[in-house]
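Peer 1: So that we are looking at the same thing, I have put the structure below in structure tokens.
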Amino acid sequence: MDPINLPWIEKTFYKRDCVSIILHSREPHRCIPGCQICQQLVRCRCGRLIREHGFFDGNPGINPSDDCTQSAAWTVEKNTVKSPTDAYGTIDFQGGSQGCKSKFVRLSCDSKIEDILHLMVKEWRMQLPKLLICVHGGTQKFNLHPRIKDALSNGFVKAAEATRAWILTGGVNNGVAEHIGDALKDHTSHLCHKVCTIGITPWGLVDGRQDLIGRNVVAPYQTLLNPLSKLHLLNNVHSHFILVDDGRVGQHGADIHIRQELERRISLTQIHARTGKQIPLVALILEGGPNTILTVFEYLQRTPPVPVVVCEGSGRAADLLAYVYKQTESQG
């Protein structure tokens with residue numbers, strides 16, 4: 001298609017494809033690059049099997065490296081190429097009672113934040129929030145005490161509705177994002193997406209992502225997870241998904257920079273030009289591990305510090321933070 005005639009999304013956002021075979025040092029690869037056995041069994045450092053690389057399917061515009069190597073480090077900059085995004089539109093979640101549909105886009109990890117905001121406000125027609133709630137915590141399944149579930153369903157969701165908030169999560173049907181989805185589902189079952197809930201997720205971690213490929217499509221998406229899969233399903237109560245592509249599959253981290261910068265940019269947006277009042281940002285912590293503690297530390301180091309709400313009793317990092325806070329409160 002002529003670049004001039006590409007839709008705005010395809011002219012603005014890109015996907016990434018790995019174009020080099022950089023083997024893990026533990027891979028016992030001692031034969032020629034074209035070996036059919038190795039194509040079936042050996043993985044590149046991007047997480048794909050050799051045969052899963054696009055150039056084995058005749059993907060145009062991709063020129064693979066001449067041979068496989070174990071010596072080089074794999075990087076997004078050196079080992080991937082960008083091409084216009086091939087996945088955006090609407091997700092039609094199947095198999096649930098909600099029957100919800102969500103906007104989505106696959107975009108490169110180096111996308112410009114102002115372009116993402118333009119997409120959200122102008123293309124998706126999302127109304128700027130009066131509050132931004134950023135949810136962090138465990139990414140694997142964990143149980144919540146009924147008291148905390150009630151607090152999320154009644155207090156948290158009602159507050160989000162009343163303030164016309166945007167809620168940012170990891171977007172998958174697992175861990176903290178699943179609990180937020182459950183709270184929204186319990187409270188707003190009569191109306192899908194009453195609260196804007198935005199999932200920012202690595203494209204390469206999405207189970208069934210091949211079903212989302214298509215330009216400006218309505219993509220049916222199954223919500224039944226393959227028990228053998230190490231990937232994650234998207235949560236069907238989220239209203240919007242930003243799927244961040246760094247060329248890797250099955251690996252975490254592609255979304256971190258985009259999410260951090262999007263949070264910052266939204267929080268600097270003025271609600272009222274006359275008063276100069278900006279969109280307030282608050283973080284909510286449920287369970288979590290070491291990375292969650294580092295995230296809280298980063299919030300508190302900002303100028304001004306970001307308020308952090310820790311749900312004591314949700315487990316692990318949240319309980320540790322609550323304990324430390326109680327022990328140090330008297331000394332400030």
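Peer 1: Identify, please: which residue in segment 210-237 is polar (S, T, N, Q) and more than 22 Å from V195 (Cα to Cα) and is, among those, surrounded by the most Cβ atoms within 10 Å (Cβ to Cβ)?
Peer 2: Q222
Peer 1: When residues of segment 261-302 are filtered for being part of a strand (DSSP E or B) and either of a type in the set (S, T, Y) or in contact with a Pro (Cβ under 6 Å, 6 or more places away or on another chain) (or both), how many remain?
Peer 2: The total comes to 1.
Peer 1: What pairs can you find where one residue is in segment 72-92 and touching a residue at least 40 places away in the same chain (Cβ under 8 Å) and assigned to a helix (DSSP H, G or I), the other is crowded, with 16+ Cβ neighbours inside 10 Å and of a type outside the set (D, E), and their Cβ atoms are less than 6 Å apart, with a gap of 6+ or different chains?
Peer 2: Close Cβ pairs (under 6 Å, with a partner that is crowded, with 16+ Cβ neighbours inside 10 Å and of a type outside the set (D, E)) amount to V76/G247; N79/C18; N79/S20.
Peer 1: Looking at V237 and the list (1) under 30 Å from K15 (Cβ atoms); (2) modelled with pLDDT of 95 or more, which single condition is not satisfied?
Peer 2: (2)
Peer 1: So, one more: I'd like the full set of residues that are touching a helix residue (DSSP H, G or I) at 6+ places or on another chain (Cβ under 7 Å) and at pLDDT below 85, limited to segment 13-55.
Peer 2: Across segment 13-55, the qualifying residues are I21, H29, C31, C38, Q39, Q40, V42, I50, R51.
Peer 1: Looking only at segment 207-249, which residues are among the aliphatic types (A, V, I, L, M), over 11 Å from the mean Cα position of the chain (by Cα) and farther than 20 Å from D110 by Cβ?
Peer 2: If the condition is that a residue be among the aliphatic types (A, V, I, L, M), over 11 Å from the mean Cα position of the chain (by Cα) and farther than 20 Å from D110 by Cβ, then L212, I213, V217, V218, A219, L224, L225, L228, L231, L233, V237 are the ones that fit.
Peer 1: Same structure again: Would you say I167 is closer than 29 Å to F297 by Cα and either among the aliphatic types (A, V, I, L, M) or more than 18 Å from the chain's Cα centre (by Cα) (or both)?
Peer 2: yes
Peer 1: Continuing with this model, one more query. Of the residues R274, R316, R302, which single one is among the charged types (D, E, K, R), open to solvent by 10 Å² or more (accessible area, probe 1.4 Å) and in contact (Cβ under 8 Å) with a residue 60 or more places away in the chain?
Peer 2: Result of the check over R274, R316, R302: R316.
Peer 1: Every residue in segment 242-271 that is over 17 Å from R209 (Cβ atoms) and open to solvent by 10 Å² or more (accessible area, probe 1.4 Å), please.
Peer 2: Listed by number, the residues that qualify are I256, H257, R259, Q260, E261, R264, R265, S267, L268, T269, Q270, I271.
Peer 1: Identify, please: which residue in segment 102-149 is of a type in the set (K, R) and part of a loop (DSSP other than H, G, I, E, B) and is, among those, most open to solvent (accessible area, probe 1.4 Å)?
Peer 2: Here the residue is R125.
Peer 1: OK, next. Pull out all pairs, ordered by first then second residue, where Cβ-Cβ is under 8 Å, the residues are six or more apart or on different chains, the first lies in segment 107-128 and is without any contact (Cβ under 8 Å) to a residue 12 or more places away in the chain, and the second is among the aliphatic types (A, V, I, L, M) and not in a helix (DSSP H, G or I).
Peer 2: Final answer for the pair search is V121/L128.
Peer 1: Picking from G204, G181, G199, G155, which residue would you name as being in a strand (DSSP E or B) and either within 20 Å of the chain's Cα centre (by Cα) or surrounded by fewer than 22 Cβ atoms within 10 Å (Cβ to Cβ) (or both)?
Peer 2: Only one candidate passes the filter, namely G199.
The values are calculated or read from the model by the stated rules, or taken from the named source; none is laboratory data. None of the values given here were measured: they were computed from a predicted structure. Because the Cβ atoms are built from the backbone with ideal geometry, glycine has one as well, and the counts that use them run over all protein chains shown. These accessible areas exclude ligands, DNA and RNA; they are computed on the full protein's heavy atoms, side chains included. Shrake-Rupley method; radii C 1.70, N 1.55, O 1.52, S 1.80 Å.
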